[in-house]
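Following: one structure in structure tokens, then a few remarks.
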Amino acid sequence: MNVWFLILLCWFGVAVVMAMLWVLQRVQGDSGVVDVAWGLGVGLISLVFAVFSDGDATRRAIVASLAIAWSIRLSGHILIRLFQLPEDGRYITIKENWGEKAQTNLFWFFQVQAFWAVLFALPMLMASRNALPFPTVWDFIGFAIWILAIAGESVADRQLARYRNDPTTKGEVCREGLWRYSRHPNYFFEWIHWWGYVCFSIGATFWWTTLLAPLCMLYFLFKVTGIPPTEAQCLKSRGEKYREYQRTTSPFVPWPPKTEQQ
């Protein structure tokens, strides 16, 4: 199958799903459903890319399996959070900033997520088109990165969930486990995860295009839907306690915390 036709077909399918989910969020009032769909979309697109590509069969199967496992873990975690918690503070802040144009902007935001789902699946496409016999040294490195990233993100998510479910910590700032060393360890390990697919793709034609995924992810985490709206909401709900957390704790890369005097 022509690779460009395959990419366009996947984009069209996800765009239709995102349009339907935009209608759903208008009814339910929770925009977090877009994150569930985005993760699952990337996983399903990766599977399609693996099936219709002509790279090493073993690598295609492994990359598709890893992408699907990642998507199920991430989307499942977000789905559980949708049922247990109010709307994600990021989207509350974004909608407040957009005001009367919130729903119109959200429609296009959902459509942009459809585009990003395809873009972030391109490393899996490149890996699936990698014809080098499996395994290479880069395959081992890619798998090690994937294991480290998923383990780190899973631990960070569990630590935060446990802290939130403790009634005695209401209004406090989580500093347990990985959250003592980074204000957003879940984002950090999610970003690390994308470098695994870069490694799997090394050897394929145009493999360097896979660098777009971790670079774009870093931009989104620091400038768009990651750290800025999350921290704005935390400052609203926790005030000076969170400001002190900002002064002493690394925003992204886990690092020993500073003291107030430093």
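The values are calculated or read from the model by the stated rules, or taken from the named source; none is laboratory data. Keep in mind that what you see is a predicted model, and the values were worked out from it rather than measured. Here the Cβ is made from the backbone with ideal geometry for all residues, glycine too, and neighbour counts use every protein chain on show.
Brief remarks follow.
- Residue within segment 55-67 that is part of a helix (DSSP H, G or I), within 12 Å of Ala121 (Cα to Cα) and among the small types (Gly, Ala, Ser) present: yes
- Segment 213-239, residues that are in a helix (DSSP H, G or I) and among the polar types (S, T, N, Q): Thr230, Gln233, Ser237
- Qualifying residue in segment 253-260 (condition: modelled with pLDDT under 95, farther than 30 Å from Thr136 by Cβ, among the basic types (Lys, Arg) and part of a helix (DSSP H, G or I)): no
- Residues in segment 116-127 that are over 12 Å from Cys199 (Cα atoms) and either of a type in the set (Gly, Ala, Ser) or touching a Pro at 6+ places or on another chain (Cβ under 8 Å) (or both): Ala117, Ala121.
- Residue match in segment 56-67 (condition: touching a residue at least 40 places away in the same chain (Cβ under 8 Å) and within 18 Å of Tyr187 (Cα to Cα)): yes
- Of the residues making up segment 129-182, just one is among the aromatic types (Phe, Trp, Tyr), touching a Leu at 6+ places or on another chain (Cβ under 9 Å) and under 26 Å from Phe83 (Cβ atoms), namely Trp179.
- When we screen Trp179, Trp195, Trp208 for residues that are within 18 Å of Ala67 (Cα to Cα), under 22 Å from the mean Cα position of the chain (by Cα) and of a type outside the set (Lys, Arg), the only hit is Trp195.
- Identity of the residue in segment 119-141, surrounded by 23 or more Cβ atoms within 10 Å (Cβ to Cβ) and hydrophobic (A, V, I, L, M, F, W, C), that ends up nearest to Tyr187 (Cα to Cα): Phe120
- The condition (being surrounded by fewer than 19 Cβ atoms within 10 Å (Cβ to Cβ) and under 19 Å from the mean Cα position of the chain (by Cα)) is satisfied by just one residue among Ala156, Ala149, Ala144: Ala144.
- Filter pass, Ile45 being closer than 23 Å to Ile145 by Cβ, touching a Cys at 6+ places or on another chain (Cβ under 8 Å), hydrophobic (A, V, I, L, M, F, W, C) and part of a helix (DSSP H, G or I): yes
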